[in-house]
Amino acid sequence: MTKAIQVNQYGGPEVLEWNDVALGDPGPGEARVRHTAVGLNFIDTYMRTGLYPLPGFPSGIGLEGAGIVEAVGEGVTDVKVGGRVAYAGGPPGAYSEARVMPVGRLIPIPHAIEDQTAAAMMLKGMTAQYLLRQTYVVKAGDTILTHAAAGGVGLILCQWAKHLGATVIGTVGSDEKAELAKANGCDHPIIYTRENFTERVREITDGKGVPVVYDSVGAATWEGSLDCLQPRGLMVSFGNASGKVEPVEPVTLSAKGSLFLTRPTLIHYTATRAELLATAGDLFDVVGPGHVKISVNQTYDLADAAQSHRDLEGRKTTGSTVLLT
């Protein structure tokens, strides 16, 4: 037996239960991983509430972790017993002391990167990679807008975009978060609680707007984000922290400048083993030399996952949060 957080119904943080669970041996193509650290991500709250349905009840929860390979199934050669690995993506169940995982989703951790850093960066860092290097290829001289610039993805994205030579505009909710974002590469933090971010973006860009907006907030920023884009700009909606965006009439995109819209997810950008390793490798290449620093600003015991969800949804966290086993 091992301990894990399970969900037996959708709801608030109180539905997260700390239970004993049976843990079997890995089968062909699988490995058993003993977690040392588990990543907390906003998508976990979507699964807990049912916005993103779980496969059934009872269900594990969590999509990101790091640890040691304890055992491998038949035919496994990509990882070895005793090796350090990390992962991001399904199936849900990272909130556990140990679990059996498909080997195809496990990524060996470079020696220079600690387990807590790996658990904090895989989902958010690979998200930043596909946003900046694939969904829209940011280049030197671009001016971009990202919301939640002091959040887990935001701090990585700001640093990485700055490393690529871009000018970064970011929205935040407080003076403290503005300072944090600025220290991590955000050239123009906008405190959305007292400034109109659309007007400020237009001022900063001399009325031109930006070629891309990265929006993980959703309903609260949707209309303003569209109005920040220059003609033929790209709206990248990759989260719903403030609620789901209402259905969009295609003519709206035409009227606002022949805009493009995408709703990307990490799983589609890392669908094959080769894509997964390439995306992770790109992330390691900027974290290893220190071009992007991973800020683990909060830690909780895994058994206290409910409190971590309350703090995350209450906007009390910055950077990355890790749950410790």
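Just so you know, all these numbers are worked out from the coordinates, no wet-lab data involved. Remember, predicted model here, so these are calculated numbers, not experimental data. Glycine also receives a Cβ, built like all others from the backbone with ideal geometry; neighbour counts cover every protein chain displayed.
Tell me, what is the FRET efficiency for E203 and L54 to the nearest 0.05, using R0 = 51 angstrom and their Cβ-Cβ distance as r?
Details: r = 44 Å, r/R0 = 0.86.
Step by step, r from the Cβ atoms, then E = 0.70.
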Study note, to complete from the structure: If one compares the long axis through the Cα atoms of helix 115-130 with the longest principal axis of the Cα atoms of the chain, the angle in degrees, nearest 10, works out at 40
Check your understanding: What is the Cα centroid distance between the stretch 143-175 and the stretch 192-225, reported in whole angstrom?
Key -> 13
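What percentage of all Cα-Cα pairs in the stretch 73-139 are separated by more than 16 Å? Intermediate results must be reported in sequence, preceding the final value.
Numbers: 1238 of 2211 pairs.
Above the 16 Å cut-off, the stretch 73-139 has 56 percent of its Cα pairs.
Can you quote the Å³ per residue value for the convex hull of the Cα atoms in the stretch 140-263, rounded to an integer?
Numbers: hull volume 11.3 nm³, N = 124.
Hull volume over Cα atoms, normalised by residue count, gives 91 Å³.
Suppose a student asked you for the relative contact order of the stretch 7-127, using Cα pairs under 8 Å spaced at least 6 residues apart; what percent would you report? Write down the numbers at each step before the final one.
Details: 255 pairs, mean separation 38.4, N = 121.
Dividing the mean separation by the residue count of the stretch 7-127 yields 32 percent.
Which percent, to the nearest 5, of DSSP beta bridges fully inside the stretch 20-176 are antiparallel? Before the final figure, lay out the partial values.
Values: 19 of 23 bridges.
If I count the DSSP bridges inside the stretch 20-176, around 85 percent turn out antiparallel.
Would you mind checking K139/K316; K124/K182; K139/K293 for any pair whose Cα atoms are more than 29 angstrom apart?
Working: K139/K316 32 Å; K124/K182 19 Å; K139/K293 20 Å.
Flagged as over cut-off: K139/K316.
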Point to revise | Shape metrics for the stretch 1-133, restricted to C-alpha atoms - Rg then Dmax, Å | key: 14.6, 42
Study note, to complete from the structure: Given 164-171, 242-249, the highest-first ranking by average Cβ count within 10 Å works out to 164-171, 242-249
Practice item. Can you find, among A22, V79, L302, the residue farthest towards the positive end of the dipole of the chain? Put +1 on the C-beta of Lys and Arg, -1 on that of Asp and Glu. Key: V79
Study note, to complete from the structure: Per the Cα gyration tensor, the chain corresponds to an equivalent ellipsoid with semi-axes, largest first in Å, of 34, 21, 18
Exercise for review: Quote the relative contact order of the chain in percent (integer), defining contacts as alpha-carbon pairs under 8 Å separated by 6+ residues.
Suggested key: 18
Exercise for review: Determine the dipole magnitude for the stretch 198-325: charges of +1 sit on the beta-carbon of Lys and Arg, -1 on that of Asp and Glu, nothing else is charged, the reference point is the Cα centre, and the result goes in debye to the nearest 20.
Suggested key: 120
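Per the helix-only calculation at 222 nm, which mean residue ellipticity applies to the chain, given -39500 (n - 2.57) for every DSSP H run of n ≥ 4 and division by its residues, nearest 500 deg cm²/dmol? Write out the running numbers ahead of the final one.
On the way: 10 runs with 92 residues, N = 325.
Value at 222 nm, helices only: -8000 deg cm²/dmol.
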